Ligand SMILES: Nc1nc2c(c(=O)[nH]1)N[C@H]1C(S)=C(S)[C@@H](COP(=O)(O)O)O[C@H]1N2
Ligand SMILES: [Mo]
């Protein structure tokens, strides 16, 4: 499974990333605001649920630790949502601790649109369907809410080391 729909075209001058807390507070970044934040260059292995892995991929982006810094929340869950309508859920803690990024560069070049450009979520310690392409924002939630594939029977958490592909794995 690569893309559940057509590739959305998102011009950089109207692109934005929004974190909405469980109380409805909104934190927004334009493209230039995102690029002005501290950038990191993670080198990570990625694992697709259909059994391929790519080892040693290099990305550039902004850590979710940076984006969540200073956001007042008691939420335990996140529903990531994308331009085009895709959604996927994660525990908020999995976006912390230097393990998740909003990535805009892959192997030294702009992230191609078919791979989620201008920017995608990168959460390499979970199966790659959790790494929402064309990411547009995060909704911080008190209660877990399944996303697109999770509603279709994929595992709620998706740990590749425990091969959590489908519900019940
Ligand atoms: N917005 C969006 N993000 C998505 C998907 C999708 O269909 N839409 N598919 C997921 C799945 S199942 C996989 S395996 C990866 C594929 O990423 P790639 O196209 O860069 O290989 O994106 C994930 N993120
Ligand atoms: Mo996938």
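When 99, 136 are screened for being free of Cβ contacts under 8 Å to residues at least 40 places away in the same chain and either touching a strand residue (DSSP E or B) at 6+ places or on another chain (Cβ under 6 Å) or in a loop (DSSP other than H, G, I, E, B) (or both), only 99 passes. Residues considered: 26, 33. Of these, the only one that is surrounded by fewer than 17 Cβ atoms within 10 Å (Cβ to Cβ), in contact with a strand residue (DSSP E or B) (Cβ under 6 Å, 6 or more places away or on another chain) and under 15 Å from residue 136 (Cβ atoms) is 26.
So that you can scan it fast, the table gives a plain yes or no per residue for (1) within 24 Å of residue 15 (Cα to Cα); (2) within 16 Å of ligand 2 (Cβ to nearest atom):
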residue	(1), (2)
99	yes, no
106	yes, no
113	yes, no
118	yes, no
124	yes, yes
133	yes, yes
140	yes, no
145	no, no
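All conditions but one from (1) more than 16 Å from ligand 2 (Cβ to nearest atom); (2) over 24 Å from residue 153 (Cα atoms); (3) surrounded by fewer than 21 Cβ atoms within 10 Å (Cβ to Cβ) apply to residue 57; the one that does not is (1). Return the residues of the stretch 102-117 that are in a helix (DSSP H, G or I) and more than 8 Å from ligand 1 (Cβ to nearest atom); say none if nothing qualifies. Result: 113, single match.
When every residue of the stretch 76-89 is checked against the conditions, at least one turns out to be surrounded by 17 or more Cβ atoms within 10 Å (Cβ to Cβ), away from ligand 2 (no atom under 16 Å from the Cβ), over 11 Å from the mean Cα position of the chain (by Cα) and more than 19 Å from residue 24 (Cα to Cα). Tally time: how many residues in the stretch 21-65 are assigned to a loop (DSSP other than H, G, I, E, B), in contact (Cβ under 8 Å) with a residue 40 or more places away in the chain and within 16 Å of ligand 1 (Cβ to nearest atom)? Residues in the stretch 21-65 being assigned to a loop (DSSP other than H, G, I, E, B), in contact (Cβ under 8 Å) with a residue 40 or more places away in the chain and within 16 Å of ligand 1 (Cβ to nearest atom): 4 in total.
We did not get these values from a lab; they are worked out from the coordinates using the rules stated. Quantities reported herein were computed from a predicted structural model and do not represent experimental measurements. Quick reminder, even Gly has a Cβ in these numbers, built from the backbone with ideal geometry, and neighbours come from all protein chains shown.
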